[in-house]
Amino acid sequence: MMTLSRIKYFFIFILTAALMSACSLKDEKITDKNGSVSVVRPSYWIEINALNDDAIIQIANPFSEAYFIVIAEPKSDFPENYTLKQYSELTRSIIEESTKNYTDQYDDSLVSINGMDTIKYVIDANVDGIDIQYWHISVASKKNFYQLIPWSLPKKIPDNKDNFLKVVKSFREVEEKS
């Protein structure tokens, strides 16, 4: 007869094995369901569908508390000549309204990604009683605005920084085939 602690460890082992088998052992390029944008998913990260209803790409490494989403919005949904700066301000204000203890700081370390202009802010906020640090990166292409949002617990950011940079810098629109 198995003791309760052995059963617990058995289930943890099975869950870990299942998650590891769902994860790739190498980095992998993934695209959204429409094939319009792609990112590189780091090894041991998984695609997940429960992070944000508006996201077109959602990936994570729950063991590392590392999460990343892409939200896309057509520029045609905004007034003519709407700027990347205005888009960044609008989308950050939405995050501020849905969190507590919100603070943000401009970060000029990332001004473009694959030829697209970007604006990056580091956001500290509390969500449902949990302190989170976001990188909020607004991106403008010819036809769309995007939000690239990696986040983690503040103490886990140093461990996740390299993977966050890898994913963010790999972001690109997939060229339409004629």
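Observations
- Around Ala72: net Lys/Arg minus Asp/Glu count, Cβ-Cβ under 10 Å: -3
- Listed by chain and number, the aspartates and glutamates whose alpha-carbon sits under 13 Å from that of Lys100, ignoring those within fewer than 8 places in the same chain, are Asp124, Asp128, Asp131.
- Among the GluC sites (Glu not before Pro) found in the range 41-141, those both in a DSSP coil and sparsely packed, with 14 or fewer other Cβ atoms within 10 Å of their Cβ, are Glu80.
- Between the range 104-152 and the range 51-98, the Cα center-to-center distance that results, in Å: 8 Å
- For Lys33, the lysines whose Cα comes closer than 29 Å to its Cα, not counting residues fewer than 8 places off in the same chain, are Lys75, Lys85, Lys120, Lys142, Lys143, Lys161, Lys166, Lys169, Lys177.
- Using θ = phi - 60° and Karplus 6.51 cos²θ - 1.76 cosθ + 1.60, couplings along the range 69-78 (whole Hz; Gly, Pro as x): 9, 10, 10, 10, 9, x, 4, 5, 7, 10
- Computed over neighbours whose Cβ is under 12 Å from that of Arg172, the net charge equals -1, Lys and Arg +1, Asp and Glu -1.
- Long-range HN-HN contacts of Asp32 with modeled amide H, under 5 Å: Val37
- Between amide H atoms placed 1.01 Å from N, distances below 5 Å from Asp27 occur with Ser43, all of them 5 or more places distant or on a separate chain.
- Among the chymotrypsin sites (Phe, Trp or Tyr not before Pro) in the range 44-138, those placed in a DSSP loop whose Cβ has at most 15 other Cβ atoms within 10 Å are Tyr82.
- Amide hydrogen proximity for Asn144: with H placed 1.01 Å from N in the peptide plane, the residues at 5 or more positions away or on another chain lying under 5 Å are Lys75.
- For the range 31-140, applying the loop criterion from DSSP together with a ceiling of 11 other beta carbons within 10 Å to the trypsin sites (Lys or Arg not before Pro) yields Lys33.
- Within-14-Å neighbourhood charge of Thr91 [Cβ basis; K, R +1; D, E -1]: -3
- Modelled label positions at Lys142 and Glu73, each set 7 Å beyond Cα in the direction of Cβ, lie 2.3 nm from each other.
Computed from the coordinates by the stated procedures, all read-outs in this text should not be read as laboratory data. All values derive from a computational prediction rather than experimental measurement. Heads up, the Cβs are rebuilt from the backbone with ideal geometry, glycines too, and the neighbour counts pull from every protein chain shown.
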